[in-house]
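For reference, the structure discussed in these notes is given below.
Values in this text are rule-based calculations from the coordinates and carry no lab data. Just so it is clear, the structure is predicted and the values come from calculations on it, not from any experiment. Glycine gets a Cβ as well: all are built from the backbone with ideal geometry, and neighbour counts include every protein chain shown.
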Amino acid sequence: MHRDFLAIPDFSRAELLALFDLAESMRTGRYTRKPLAGKSLAMIFMKSSTRTRVSFEVGAWQLGGHALFLSPRDIQLGRGEPIADTARVLSRYVDGIMIRTFAHSEVEELARYAEVPVINGLTDLLHPCQVLADLLTIRQHLGGWEGKKVAWIGDGNNMANSWINAAYRLGFELALACPEGYDPDPGILARAQQEAKVTVVRDPVEAVRGAHVVNTDVWASMGQEEEQAARARAFAGYTVDRRLMSCAQPNAIFLHCLPAHRGEEVAAEVIDGAQSRVWDEAENRLHVQKAVMAVLMGGESLG
């Protein structure tokens, strides 16, 4: 029976810790096995990408496998073939499917009909691989998230929802500062609040105060460009600049999933400054995704 990775809670706390151990061994070069030898990953991109495409493609190759890039122009999904049919057909050819798309329901439907593991490379609801990379970065630079406070500044988007899912599973404190009307998913939030200290506030200073990690994202994600002007007004005062960073712990690190718009959600002095860990964070996409592929497609154990 295969497993999918659509959301961070698909793994238990113990499995997540083991996954980070595996990713760390890959990051440091101690892991040399090729569990994907002779195996192929289909990568479906309904949304374009830099980090997701390169990290999955390189990662599959480093593990001995092969990755196929499939855009809507390359496959019949772009011409109306049902997701269920695509899932059934691809399952006869490949050993895993990664998809980056809009509606989360599309990923769930793909997983329902696929007979091979499905990995969520991003949906409008969740971005779990990115937050795994962020958590690996926190472990790399701060030793872990136990007893730490993470602050999220900006849109209650797929990144915010995935951070909430991570707090739900791992139990760290999470404070999100979102403008009115841009809150995270209420169901995901309510579930997490039963297990961890997760708060949503309007004041970025309140969220960042005492934080060990300060995190943000673009104000208008892919597909929201027409809302740019309205969002720029709503997010006025939510820029992560040196003044806001000064409210965090002195050794706090700054994270951003990229691409970044300097002068909007983050000041250049922060993202290019000494506290920024965004390049390590981007690199860690490769390592955590290799760990996920090794487990789901390559038979690596987490227990």
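Ranked for footprinting exposure by Cβ neighbours inside 10 Å, fewest first, TRP279, TRP163, TRP145 give TRP279, TRP145, TRP163. Cα extents for the stretch 130-282 along the principal axes, largest to smallest and rounded to whole angstrom: 38, 36, 26.
Note on the chain: GNM, Cα springs under 10 Å; of GLY273, GLY121, GLY65, the largest mean-square fluctuation is that of GLY273. With an a/c value of 1.5 or above and a/b not larger than b/c for the gyration tensor axes a ≥ b ≥ c computed over the alpha-carbon atoms, the stretch 224-303 is described as oblate.
One way to sum up the overall shape of the chain is the equivalent ellipsoid from its Cα gyration tensor, whose semi-axes run 31, 22, 17 Å, largest first. The angle between the Cα long axis of helix 128-142 and the longest principal axis of the Cα atoms of the chain comes to about 60 degrees, rounded to the nearest 10. Helix content alone sets the calculated 222 nm mean residue ellipticity of the chain: runs of n ≥ 4 DSSP H residues at -39500 (n - 2.57) each, divided across all residues, give -12000 deg cm²/dmol.
Partner lysines whose Cα lies under 22 Å from the Cα of LYS197, excluding those fewer than 8 positions away in the same chain, are identified as LYS148, LYS149.
For ILE138, ILE164, the sequence from fewest to most other C-beta atoms within 10 Å is ILE138, ILE164.
On the beta carbon distance between ASP203 and SER105, with R0 = 45 Å, the FRET formula returns roughly 0.85. Round to the nearest 10 and give me the degree value, 0 to 90, for the angle of helix 278-296's Cα axis relative to the longest principal axis of the chain. The helix 278-296 is inclined about 30 degrees to the chain.
Legend: ranking of residues LYS34, LYS47 from fewest to most surrounding C-beta atoms inside 10 Å; resulting order LYS34, LYS47. Nearest 10 degrees is fine. How inclined is helix 104-113 to the longest principal axis of the chain, computing both from alpha carbons? Compared with the principal axis, the helix lies near 20 degrees. For LYS34, a cut-off of 30 angstrom between C-alpha atoms picks up these lysines, skipping any fewer than 8 places away in its own chain: LYS47, LYS290. Which residue fluctuates the most in the chain, going by a Gaussian network model with Cα springs under 10 Å, if the choices are PHE102, PHE69, PHE45? In this elastic network of the chain, the residue with the biggest mean-square fluctuation among PHE102, PHE69, PHE45 is PHE69.
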